[in-house]
Each structure stands twice: as C-alpha cells, then as structure tokens.
Amino acid sequence: MRLIVLGPPGAGKGTQSQRLMQKYGIPQLSTGDMLRAAAAADTPVGRKAKALMDTGSLVPDEVVVGIIADRISQADAAKGFILDGFPRTVNQAKALDDMLAAKKLKLDGVIELKVDEGALLGRIEKRAKEMIAKGCAVRADDNPEAFKTRLEAYREMTAPVAAYYAADGRLKTVDGMAPIEVVSAAIDRVTEAAGSAV
Ligand code: ADP
C-alpha cells in the first residue's frame, strides 16, 4: 500500500499517518520529521533546512526529493509507505511520479484532509500547549508568525498539488474537521477500496 496524506499544517496528517502505519505495517515517511532529524544531527543539509523550517518556508525541492528517493529505496519501504508532508509542490509530485514509474510502482491513494483555515492556528497552539504539558520541546515553527508563513506556503505551493492529483482522478478528499475516529473511518474506506482494487 503506497499512500500520500495531503493537507495544510495542523490538518492531522501526522495523527492519521501514524495510525495507518500501525494498521498496514508500513513506514510513515514524514519529510518534516526527517528534516528535523537532520537538523538535530547538525548535518550540512540539516543546518540549511533548519533556517528555512524555523521561519515556516519550504526547503528546496531537490533536497526533499533526494531524501525521499533514498528513503523509498530502503528495504522497509518495499511493501509500501505513507508519505506525510511530501509532495508539497507540483514539482515534487512530478518527481515522485517519475521515481515510482522507474520502479514500476503505483500509488494506491492520495488522501486530502480538508480543514477550515480558521481552525488551523488553534490546533497548532493546542499542540504546542500539549507538548509543554508533557515536558517535550515545542517545534520551532509552532508559533503564530511561522504558522502564517507555513499557511502561505501551503496555499501557494501545496494546494496546487491536490489539483494535480484531482486532475487525473487520484485525489480522495476527506473531511478533516470531523472527530478523529470519523476521519479515520473515512480514510479506511478509501484505503480499503484501494486495497481491493489492486
Ligand atoms: P506541518 O505540520 O506544517 O505539516 P511538517 O513537519 O510536515 O509540518 O514540515 C515542517 C517544515 O519542514 C515545513 O514547513 C518545511 O520547511 C519543511 N518541509 C517538510 N516537508 C517538505 C517538503 N516536502 N518540501 C519542502 N519543505 C518541506
């Protein structure tokens, strides 16, 4: 099962991707997590990415495309994967199509979590508060200023990705404003339909 979970920052991509990872026993590949790990390890790529991420801007396509190309070639991704936070630009989506075509692989589903923009900042602030309550570090970009930039990047660069997959009928839209279990059930209907079609 090869899935993409699309949606604006705070849409619930991480929550749903982690659940799908358990359900299907395939890895969740979050470019945000991979870039944060590279930044924490203070690698040259990580250092460059951190400066962009902290302000809420996107990291260049060639960086994330390279990371994903390496990652999907690893053994644990052979049975499938859930992409969370990638592709974030139409260029990245095209690069992914090329990568999969070269491996003769197909995507089973592109799931878009649709959420009212007005609800997103509140979700991000709630996540920051929960992290503090747990004694965990708050993400450097979970603040109103970086959030504004992330939302702008989403509108400008990532919303067209949904249109790219909608154009050939691959996009399945799910209401991300519903309670988590209802969102989960809607996603399961999509993945189960995809699973029976292959
Ligand atoms: P979000 O909660 O906004 O979905 P992520 O954890 O997915 O956050 O990503 C955090 C940051 O990492 C982004 O704002 C961006 O700087 C960088 N990033 C992650 N994935 C990509 C990507 N596919 N292309 C470009 N930049 C990315």
> What ranking of Ser184, Ser73 comes out by heavy-atom accessible area, probe 1.4 Å, highest first?
Replying inline: Ser73, Ser184
>> Which residue, Ala77, Asn143, Ala178, has the largest displacement toward the positive end of the dipole of the chain when charges sit on each Cβ (Lys, Arg +1; Asp, Glu -1)?
In response: Ala77
> Carbon and sulfur: what percent of the stretch 2-197's accessible surface (1.4 Å probe)?
Replying inline: 57
> How much net charge surrounds Thr191 when only other residues with a Cβ under 13 Å from its Cβ are counted (Lys, Arg +1; Asp, Glu -1)?
Replying inline: +2
>> Let's test the formula: R0 of 25 Å, r as the Cβ-Cβ distance of Glu152 and Ala40. What FRET efficiency results, to the nearest 0.05?
In response: 0.45
> Top mean-square fluctuation among Asp54, Asp108, Asp168, Gaussian network model of the chain, C-alpha springs under 10 Å?
Replying inline: Asp168
>> Counting only pairs 8 or more residues apart or on different chains, how many lysine pairs in the stretch 1-159 have their Cα atoms under 19 Å apart?
In response: 18
>> For the chain, set up a GNM with springs between Cα atoms under 10 Å and report which of Thr173, Thr15, Thr31 has the largest fluctuation.
In response: Thr15
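Compute, for the stretch 2-197, the length of the dipole vector about the Cα centre, with Cβ point charges of +1 (Lys, Arg) and -1 (Asp, Glu) only. Units Debye, rounded to 20.
320
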> Once you wrap a convex hull around the alpha carbon atoms of the chain, what is its projected area averaged over all directions, in nm²?
Replying inline: 10.9
>> How high is the relative contact order of the chain? Use alpha-carbon pairs under 8 Å, at least six apart in sequence, and give a whole percent.
In response: 32
> Under a GNM of the chain (C-alpha, springs under 10 Å), which listed residue has the highest mean-square fluctuation: Gln92, Gln16, Gln74?
Replying inline: Gln74
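The values are calculated or read from the model by the stated rules, or taken from the named source; none is laboratory data. Remember, predicted model here, so these are calculated numbers, not experimental data. Please note: Cβ atoms are built from the backbone with ideal geometry, for glycine as well, and neighbour counts cover all protein chains shown. Only protein heavy atoms, including side chains, enter the accessible area calculation; ligands, DNA and RNA are left aside. Shrake-Rupley method; radii C 1.70, N 1.55, O 1.52, S 1.80 Å.
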